Structures are given as C-alpha cells and as structure tokens.
Amino acid sequence: MTRRRPWALLPFVILLGAAVLAHATRPQGEQFDLVLVGGRVLDPETALDANRNVGIRGGRIAALTTEPLAARETLDVSGLVVAPGFIDLHAHGQDSESYLYYAHDGVTTALELEIGTYPVAPWYAERDGRALINYGVSAGHVGARRALIAHDASLPGVAVIARDTSRSWTHGALPDADLPRLDSLVERGLADGALGVGLGIAYTPGATREEILRVFRVAARHAVPCFVHLRQGGRDPVTGGGVAALQEVIADAAATGAPLHVVHVTSMGQRDTPLLLQLIRGARARGLDVTTEAYPYTAGSTALQSAVFDPGWQQRMGIAYHDILYPPTGERLTRASFARLRRQGATVVIFQIPDSTVRQTLADSLVMVASDGISPHGHPRLAGTHARVLGRYARDSGALSLPDAVRKMTLLPAQRLERVVPAMRAKGRIQVGSDADLTVFDPARVIDRATYERPAQFSDGIVDVLVNGVLVVRNGASVAVYPGSAIRRGP
C-alpha cells in the first residue's frame, strides 16, 4: 500500500478552492427572470423596511437579499419604494379600460365585492386570459334578487343598479315561499367561485330584515364574508341613520357567525363615522369577525335613479340639490335637473363627507383603503385612490405613516380573504414565495391627478407595476399584456 504524499493533492485543492471562490463571488443563486435592484422594500407583515434586491422567477418572489442577483433583466429602482401590489376590495370598474387606470394607481388586484354579480360563472369566463390585473367577484344578493323577481340576469356587476331604472325588484317584497329560492341562487354563485356575498341593502329597500338575515346564514354555512352597503347612511334623528343600519348587520353577523365587511364607512356614517368605528371595534373585541374600509374623498358616487335617492334623501344624507354633481356636464343639480336625470338614469357625485372625517378614518388602524371606483370618467376615486392616500394623506399631511398606508392597501385586504382563498396568503406581502404582484413608486412624487372635473387621469409617481411577475406598467408607461388571473374560491 502506497501513502499519497500531501503535496500530490495540491492541484486538486487549488482547483477545489478556485471553484468555491468562484461560487462565493458569483451573483447569488440561479438566474432570475427579473431583479429589482436597490429599492426600499416595505413588507407590512414582517415590518421589513430596508433596501433589498428582489429576485423574481416564475411569477413569484424567489429572493430577497442585499447580495447581487443574476437575471435576464434588471431594473434599477434605487430611491423608489417597492411595495406589495395594492389590493382593492371594492372595485366596480371591471373592464379593460378601468384595469388600465387601476394599474397606473398601483392596483394589481381589483375585486368587485360590494354589489358582486349574478350569475358568477360567466363573469369569470369573460375575463379569463383577457385581464391586465387580477380580478374577482362576490355572489351578488342584488343581482340574484333581480333575477328572481324581474326574471332577468343580463346586467352583471354594478350595472344592475347603474342601468336599470325600474323599481319592482328593488322595492318589492319577496314572498316567504321565494326566500329559499333566493338562498339557492346565492349559493350557486358561491359554488361557481364567488369570494363572498355582496349586499347593497340600501339599493333594495324591499328586502326585509328576515331576507337579509337568511343571506347571512348562507354566507355562514360556506364560511365566507358578507360585504355590505348598509341599509341607509347619514344622520337621521328618527331612524338613527348609519348607526342603526350597522347595528342590524352586526346583529346578523353575531346571530349567524358570518364574517362581515362594512364598505365605505365614511359615506355610511359621515359625521357619525367615529361612532360606527366604535361599534366595529367593540364587536371585534368580543370575537366577531368585522372589518371595514374607506376611500380618501369627501364625495361619494352612485346612481341617481337608485333607492338611495328615494324621497327623504335630503334628510337622510344631510345634503341638498347643489351638493350633487353630474360629471358629464360638470353642473350642480337643481330640483328640475334632479328630476330629469333621475327619470333617465345617471351616475352622480355626492359631496357629503367632512374632510376631517376622511382624515380621522384613514388614520384608524382598523380601516382598509378601497376605491369604490365605478368608471374612470365619473368619480376620480377609480384612477386616484391609492396615490392620493400615499401622497396627500401619508406624505403631505402626515395623517398616517407610509408603512401604515401600504399595510391598509395590501396586507389587510389580503388577510380579509385568505381564510376563504388560501392563495391570498401569497399576496399583500413581499417575502420569498409570495406572488410577484409589486408596485414601485416614488415616495417624493406619488400623487393623484384625477379630479372631479377631469377624473380620467393616471396617477403620478407610480413607476413600475408587476402582476404575477409581468410588468404591466414600466417606467410610468402602459404595457400591452394580460397576466391577470382569477381570484376565486375552490370547490
């Protein structure tokens, strides 16, 4: 047996050392599809707020590091914020034009959850492979009610209240014998993948409290949230206004166990919004699953022909004709123009929320940000909600911090849905394994440009937006791609 001399191994050791050194100095890991280099990364779940390189592969975040990463393509995002893509739970605009404006406001997932739709399956099929951003919908109580009473389910989503000037199905009461049929229609929507149940109670005054309670029971059976526009808003000394309406659905949630999400709390409560938030906070403290949202505007928007403007609206809303704006002409309404437009049908802007209420509500830790956007040509909230919060309320006035603003647009909406759709645990975060839905913005420049006079304007300072790892906005310019995917429940 011969003993190998140590010096005989020297060439092997040198080669091995060179290989190790080469591996140590080579950019970390395998090649990525895309790397965002040097941005300020905000992850609201882990409280990460630091400069990192983000490696993306196969539509997911595959690396988050200070080390250099090799990639087929690299974007230098130094000086910019890299945030999870914004998730809008209240997005009525569900067409290609609206998706474009959402994307330029940093939104990567737009969900129609307040009014929802009926039927659900065709709604998803229509967008399959044709969407710029991610999309999803709830099973709409309003649409199901219309299908049952008017025998017509041809108006999807918010069109059911925006285009229909009839009143039989909104104001008519359902016979007790038909209530189980309504339950079945809603359940069919849930079976087709709907993310919850949407209830626009203010738009269906014919719906009794028993009818609404039954719908909550359907949601509870399937463990999905009810996304609710309260029965009535504003300050009404007789009925209690938004307070009484909120108490109704909190009681329904308590009685059934259904999760509850209250939409646009400021337009429901107006000056009484702090009291509504107290009710929500108290319900949560006692174990109820209740959440809420707001948009950063002093005006709302809805259909003039809807039940919201039934006689007595001035008292309920605390406004008059001149507080209503008709966007196509820019005119403030009078008694005559109100009557004419209500007959023909029109979407209007309603100035009814104090700015102090908006500011205080956005700063509340419970409140998510959601746009309630209907059209880029009506209210500016579709095009400008998220940039407005980041610029006007976080940066300029300090009503909330930048990380908190991002949390309200990303993590909180994702958490609202992740029990229903486990895939939402991969959204609203920047972590290895998360979906590469990302919004890159300039914190010094981000601001909304959409106004009540000119609502169809892209936000400023939204630099890059990725949906499932694909750039849909690059250096502020649109990219003609369709990487959006459906957010829906499984069987």
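Every number in this text was worked out from the coordinates using simple rules, so none of it is lab data. Remember, predicted model here, so these are calculated numbers, not experimental data. All Cβ positions, glycine included, derive from the backbone under ideal geometry; neighbour counts span all protein chains shown.
Structure values in brief
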quantity	calculated
Reduced Cα scattering model of the stretch 55-96, Debye log10 I(q)/I(0), q = 0.28 Å⁻¹	-1.21
Dimensionless Rg over Rh [the stretch 412-452; C-alpha; Kirkwood]	1.14
For the stretch 416-426, Karplus couplings with θ = phi - 60° (6.51, -1.76, 1.60), whole Hz, Gly/Pro x	4, 10, 6, 6, 7, 10, x, 4, 5, 5, 8
Full-extension gain in nm, Asp355 to Ala444, via 0.36 nm per residue minus C-alpha separation	29.7 nm
Per-residue [θ]222 nm for the chain (sum of -39500 (n - 2.57) over DSSP H runs n ≥ 4, rounded to 500)	-9000 deg cm²/dmol
The stretch 165-306: radius of gyration over Cα atoms, expressed as a fraction of 2.2 N^0.38 Å	1.04
At least 15 Å along the helix axis (C-alpha) and Kyte average at least -1.0, DSSP helices within the chain	10-25, 179-191, 209-221, 241-256, 273-285
Taking only Cα atoms of the stretch 326-423, radius of gyration then Dmax in Å	17.1, 52
Alpha-carbon radius of gyration plus Dmax, which is the widest Cα pair, for the stretch 260-317 in Å	13.4, 39
In order through the stretch 437-451: 3J(HN,Hα) via Karplus (6.51 cos²θ - 1.76 cosθ + 1.60), integer Hz, x for Gly, Pro	9, 9, 10, 10, 9, 8, x, 7, 10, 5, 6, 7, 10, 5, 10
Formal net charge of residues neighbouring His322 (Cβ-Cβ distance under 11 Å; K, R +1; D, E -1)	0
Amide H partners (placed H, <5 Å) of Met368, local residues excluded	Thr292, Glu293, Ala294
Rg over Rh [alpha-carbon atoms, Kirkwood Rh] for the stretch 340-486	0.99
Using θ = phi - 60° and Karplus 6.51 cos²θ - 1.76 cosθ + 1.60, couplings along the stretch 291-305 (whole Hz; Gly, Pro as x)	9, 8, 8, 7, 10, x, 9, 8, 10, x, 7, 6, 7, 5, 7
Overall dimensions of the stretch 158-246 by Cα: Rg and Dmax, Å	13.8, 42
Cβ-defined net charge surrounding Thr204, 11 Å radius [Lys, Arg +1; Asp, Glu -1]	+3
Size descriptor, Kirkwood hydrodynamic radius, that averages inverse alpha-carbon separations across the chain, Å	23.5
Distant alpha-carbon pairs in the stretch 27-95 (separation over 15 angstrom), percent	55
Rg/Rg_ref, the stretch 84-230, where Rg_ref = 2.2 N^0.38 Å and atoms are Cα	1.02
Hydrodynamic radius of the stretch 68-131 per Kirkwood, over alpha carbon pairs, in Å	14.2
